[in-house]
Amino acid sequence: MTALLLGLLLAVTDPCTAPVPVGEGDPREADVYVRVGDAERARGNLGAAREAYRAALTRAPGSVEARRGLEAACAPGVDPVQTAADALEARDSEGALRALARARGHGNDRAVDLLEGIAHYQLGQDASAVPLLESARSDPAMAESASFFLGLISLRRGDGDRASRLFDQAGRAVGLEDAARQLARTAQQEGHVVLSVATELVYDTNVALRPDGAPLTVPGPDGSAGLSVMALVRPWGTPGPYLRVEGQLSKQFTLDQLDLLGGAAALGFRLPGPTGSLTGEYAYSYQAVDWRGYLADQRVFLGGSLLTGMALWGFAYAAHFESYRWSELADLSGVRQVLELDAGLLPGAGVRVTGGYAGTWDAARVENLSYLEHGPILELVWAAGQWTLGARGAMAWRTYLAPDPAYAGTTREDTRYFATTWVDLGLGAQWSVRGTVRLIRTDSNIADLNSTEWIFIGSLTWTGAVL
């Protein structure tokens, strides 16, 4: 995105490539502007010289002296503005600032303000970036680009209302429409208090995980309707602490014994930076199935990401302290730990490709129900305008730690396959609809545990800042 903005900026501010308007001013003034251009070029003020020669050409398009002077002023050389733009594209913000230190005073100070503001933004120095970007925003040729980065700063500070207004202005620039529209939608979800309400319809071909070849009398397909509500409170915006409260209700159409009611609360802290972020969280959740207490889960989470060029590196770790409330499931209680490491590629055009590896260690109360699971993950996401399309696949090998007396003393070994694809359509800044198809396949060395499950989900979500 930075590369696109820099290209747009140079296109509108480069006097060497921008068209020269013809027929403006008195032709008799052309010689005066040529002399001014010669004098500025002799002093090394190439920016002022170029503008003077262009002014001469608008008054006398056939002036050989003005044309030669402009060509000489535009001859290849060390251009600090171009050097800074190249450094910013390479995410060398310090190098860009060094180049821009000698760029002022050549008739392009607003362009220098914009590039310096972008450099300070990339370094996380928002206090230095804002006045520079506001200065650049006063130039109509750079207003949209400056508004875009001011919007990013407002978004980073948790000021969703201001960010939304700035992205609306930035979206008028050719080449920025899609990114500004997506960020404006994100800005509507920023604020000190954010509320989200989602409804969904689900059809599950194997809601009770019926084994392959099981008689039809065993419960199989069913549908459900669900409602979930989430409130996020960030007293000081982002970065800073947050409180999240969630509630969930899912009503089966036929299998009433699988009706689900749940709630959760989390306390966390998010620390974003110019090229990365770190999040830590403690959460407690409780679920009831068939209106009976089913599972209490305490979770500790730590995750982060780091952007280096086109690569996005990430990790996530969670420890679940699970307590099953049904006596027949009590032996499943214990500590389940999950670790995922991934690397993403951001080639542009709204595409993100992510590959990773995940592992799970579940230490249940009894050893034959404890397992170690690991396997690769691959995800592809494409976003353009209000549309987002994604696909995710994963494979996991699960090995239990002891023979299971329920299966004639066999030690269970499973291979699990997961595939998910989804389409998301944003309806304005706050509404979205999503369609999801999910496949879960289990192949086990115990034939009675082989199963296939297809899940089809349609959802409608509203998310917005209420304070």
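Remarks
- Pairs with Cβ under 8 Å, 6+ apart, first in the stretch 89-117 and under 15 Å from ALA136 (Cα atoms) and of a type in the set (Val, Ile, Thr), second at pLDDT below 75 and not in a loop (DSSP other than H, G, I, E, B): VAL112/VAL81
- Restricting attention to the stretch 421-464, the residues that are open to solvent by 40 Å² or more (accessible area, probe 1.4 Å), at pLDDT below 90 and in a strand (DSSP E or B) total 2.
- When residues of the stretch 287-307 are limited to those that are open to solvent by 60 Å² or more (accessible area, probe 1.4 Å) and among the aliphatic types (A, V, I, L, M), the one modelled with the lowest pLDDT: LEU306
- Residue list for the stretch 368-402, restricted to those being under 24 Å from PHE321 (Cα atoms), of a type outside the set (A, V, I, L, M, F, W, C) and at pLDDT 95 or above: SER370, TYR371, GLU373, HIS374, GLY375, ARG398, THR399, TYR400
- The helices (runs of 4 or more DSSP H) falling completely within the stretch 1-81 that include 3 or more residues that are buried (at least 16 other Cβ atoms within 10 Å of the Cβ), modelled with pLDDT of 75 or more and not charged (D, E, K, R) map to 30-43, 46-59, 64-73.
- Leading residue by the ranking (nearest to the chain's Cα centre (by Cα)) among those in the stretch 367-377 that are exposed (fewer than 15 other Cβ atoms within 10 Å of the Cβ) and not in a helix (DSSP H, G or I): PRO376
- Residue match in the stretch 189-203 (condition: under 30 Å from SER145 (Cα atoms), open to solvent by less than 60 Å² (accessible area, probe 1.4 Å) and modelled with pLDDT under 80): yes
- You will find that of ARG325, ARG352, ARG299, the residue that is over 30 Å from GLY458 (Cβ atoms) and among the basic types (Lys, Arg) is ARG325 and no other.
- Which numbered condition TYR284 fails, given (1) aromatic (Phe, Trp, Tyr); (2) in contact with a Ser or Thr (Cβ under 9 Å, 6 or more places away or on another chain); (3) open to solvent by 80 Å² or more (accessible area, probe 1.4 Å): (2)
- Contacts under 7 angstrom Cβ, first residue in the stretch 343-356 being more than 17 Å from GLY303 (Cβ to Cβ), partner of a type in the set (S, T, N, Q), 6 or more apart: none
- Some residue of the stretch 349-360 being of a type outside the set (D, E, K, R), surrounded by fewer than 15 Cβ atoms within 10 Å (Cβ to Cβ), part of a strand (DSSP E or B) and at positive phi: no
- For the stretch 236-281, a residue qualifies if it is in contact with a helix residue (DSSP H, G or I) (Cβ under 9 Å, 6 or more places away or on another chain) and more than 19 Å from VAL197 (Cα to Cα), and the qualifying residues are GLY237, THR238, PRO239, GLN252, PRO272, PRO274, THR275.
- PHE315 meets the stated requirement of being among the aromatic types (Phe, Trp, Tyr), open to solvent by 30 Å² or more (accessible area, probe 1.4 Å), modelled with pLDDT under 95 and within 28 Å of the chain's Cα centre (by Cα).
- Restricting the stretch 387-404 to residues that are open to solvent by 70 Å² or more (accessible area, probe 1.4 Å) and touching a helix residue (DSSP H, G or I) at 6+ places or on another chain (Cβ under 7 Å) leaves a set whose member that is farthest from ILE446 (Cα to Cα) is LEU401.
- Filter result for ARG270 (more than 26 Å from ASP222 (Cα to Cα), open to solvent by 50 Å² or more (accessible area, probe 1.4 Å), in a strand (DSSP E or B) and at pLDDT below 95): yes
The values are calculated or read from the model by the stated rules, or taken from the named source; none is laboratory data. Quantities reported herein were computed from a predicted structural model and do not represent experimental measurements. We place every Cβ from the backbone using ideal geometry, glycine too, and count neighbours over all the protein chains shown. Side chains included, ligands, DNA and RNA excluded: accessible areas come from the protein's heavy atoms. Shrake-Rupley method; radii C 1.70, N 1.55, O 1.52, S 1.80 Å.
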